[in-house]
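Below is one structure, written out as structure tokens; the observations come after it.
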Amino acid sequence: MDLRAFNSGPADRLRPMLAACCDVDRWVERVLAGRPYDDLAALTAVASRTAETFSDAEVDKALAAHPRIGDRANGNGTEAAWSRAEQSGVGDDASVRASLAEGNRAYEQRFGRVFLICATGLSAAEMLASLRERLGNDDATERAVVRDELRKIAVLRLTKVVDQEVGV
């Protein structure tokens, strides 16, 4: 969909698309309320600023929609397809997958939630290194990192919803 269609589309049709980007009701409603947008930069700025203010409860809700790094997302929906593409850098190496699974368990035990990273463009080694590094964060630092990773994913996915090549 191009920006013109996004700006004029029925909110009820757009909500599921936006929720696939980031399943936080306040984010979805704020992005919708900002219409019409002059360009993609204005749209992503609102999306980014709103995501920066997510509460811990909103982050937890959004995390429920994300599979563990290294796990293949199931289903035919948009969000599952995006997740598989975003994690394409994990590859099929069994030892890497085992290391990621071990790291995920340690992270979940330490922080009580799934490890989230904006995986697009990252190799499995880079994801694993970030996971291991972030295990050393204190809770407050890690909450901020997770919020920022969620923001990056939401904005990236939003740009997939709104085709950048078609102007207003």
If every Lys and Arg gets +1 and every Asp and Glu gets -1 at its Cβ, then about the Cα centre the stretch 3-161 yields a dipole, in debye to the nearest 20, of 360 debye
Of the candidates A11, L40, I117, the farthest towards the positive dipole end of the stretch 3-161 (Lys/Arg Cβ +1, Asp/Glu Cβ -1, centred on the Cα centre) is A11
For the stretch 3-161, the Cα-Cα pair-distance distribution in 10 Å bins from 0, as whole percents, is 10, 39, 34, 14, 3
Between the modelled labels at A101 and R15 (7 Å from Cα along Cα→Cβ) the distance in nm is 3.9 nm
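A short reminder: the numbers here are calculations on the coordinates, not readings from a lab. Here the structure is a predicted model, which is why all the values come from computation and not from measurement. Quick reminder, even Gly has a Cβ in these numbers, built from the backbone with ideal geometry, and neighbours come from all protein chains shown.
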